[in-house]
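Just below is one structure, and these are the notes that go with it.
The values are calculated or read from the model by the stated rules, or taken from the named source; none is laboratory data. For clarity, every value in this text was computed on a predicted model and none was experimentally measured. In this analysis, Cβ positions are derived from the backbone assuming ideal geometry, glycine residues included, and neighbour counts consider all displayed protein chains.
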Amino acid sequence: MVDFAKLGEETVEIWNRNADFWDEGMGEGNAFHKFLIEPTQLDLLTLRVGERVLDVGCGNGQFARKMASLGGNVVAVDAAPRMIENARQRTSAGAEYSKRLRYDVVDATDEAAMLALGEGKFDAVVCTMALMDIASVEPIARAVRRLLKSNGRFVFSVMHPCFNSTEGFTQIMEREETDGELVERLSVRVTRYIEPHTHKGLAMAGQPVPQNYFHRPLSALLRVFFNAGFIVDGVEEPVFPRDVPGDDRFGWLKYKDIPPVLSVRLRLD
């Protein structure tokens with residue numbers, strides 16, 4: 001039997017150790033966030049000025065600051081205290097949006113702590129590239145249902161479970177000559193998908209400690225939220241624009257036809 005509590009504690013400790021490295025590398029958003037995640041999440045979120053938003057697993061607060069700068073009243077939480085320290089340091093007290101943004105250390109898998117943030121008070125909940133880092137998402141689904149207003153929505157993004165998993169996933173480059181020209185073809189090979197599993201991986205090359213990844217196929221991931229009373233009413237599978245040059249031979253910036261990210265909007269049924 002999987003010890004989710006133990007895995008959760010280990011995950012928080014890992015992210016505490018990686019927090020400063022992550023903050024330096026992420027800043028206010030890397031290419032993944034600027035080209036893929038931020039635009040699709042904002043599109044699905046349809047944020048209106050004055051709305052109350054909960055950001056779950058906020059990391060260094062990059063997307064929380066974006067939402068606050070657009071007029072949202074944002075509560076941003078993360079289980080790793082060092083992440084929250086960095087998020088606060090990156091948020092200038094003099095920034096126009098600073099009074100609309102609050103950070104708290106909250107473990108998203110602790111339903112009581114989540115519900116203490118205010119049942120039925122949020123117009124929207126956002127979780128940016130974090131669900132695959134969390135051992136058990138069932139408590140989050142149950143809590144989010146109660147935190148949202150009756151017409152609220154939940155927007156999340158994850159590494160695309162079909163195409164971008166660090167285990168059972170291989171990037172492939174093939175080169176062939178066609179009509180006297182060398183043509184490179186990029187693809188991915190997936191050898192392990194349908195069974196949920198846990199493995200170690202790197203969010204950023206060079207990070208101090210590999211973190212836990214919790215792979216869930218689409219059916220398993222969405223079933224958690226269906227069981228909690230949600231329906232899907234928006235899906236985005238973003239790819240990098242063709243006019244954006246690649247970063248290295250196998251970097252995702254080179255892939256223009258395979259989405260590395262999945263963004264989803266859920267509403268209460």
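You will find that of V56, V106, V126, V49, the residue that is touching a Gly at 6+ places or on another chain (Cβ under 8 Å) and either surrounded by fewer than 21 Cβ atoms within 10 Å (Cβ to Cβ) or at pLDDT 95 or above (or both) is V49 and no other.
Given the criteria farther than 24 Å from G152 by Cβ, without any contact (Cβ under 8 Å) to a residue 24 or more places away in the chain and more than 16 Å from the chain's Cα centre (by Cα), does E85 qualify? Please lay out each step first, then the result.
Details: farther than 24 Å from G152 by Cβ: yes; without any contact (Cβ under 8 Å) to a residue 24 or more places away in the chain: no; more than 16 Å from the chain's Cα centre (by Cα): yes.
No.
Figure legend. Inter-residue proximity from segment 189-216: first residues farther than 15 Å from A130 by Cβ and outside any strand (DSSP E or B), second residues among the β-branched types (V, I, T) and at pLDDT below 95, beta-carbon distance below 6 Å, spacing 6+ or different chains. Indicated pairs: V209/I14. Look through segment 224-269, keep the residues that are part of a helix (DSSP H, G or I) and surrounded by 14 or more Cβ atoms within 10 Å (Cβ to Cβ), and return whichever of them is farthest from the chain's Cα centre (by Cα). The extreme case among them is K254. The single residue among A95, A68 that is surrounded by fewer than 17 Cβ atoms within 10 Å (Cβ to Cβ) and over 15 Å from F156 (Cα atoms) turns out to be A95.
The residues in segment 89-115 that are aromatic (F, W, Y) and assigned to a loop (DSSP other than H, G, I, E, B) can be counted, and the count is 1.
Keeping to segment 181-220, report how many residues are aliphatic (A, V, I, L, M) and either modelled with pLDDT of 90 or more or touching a Ser or Thr at 6+ places or on another chain (Cβ under 9 Å) (or both).
Number of matching residues: 7.
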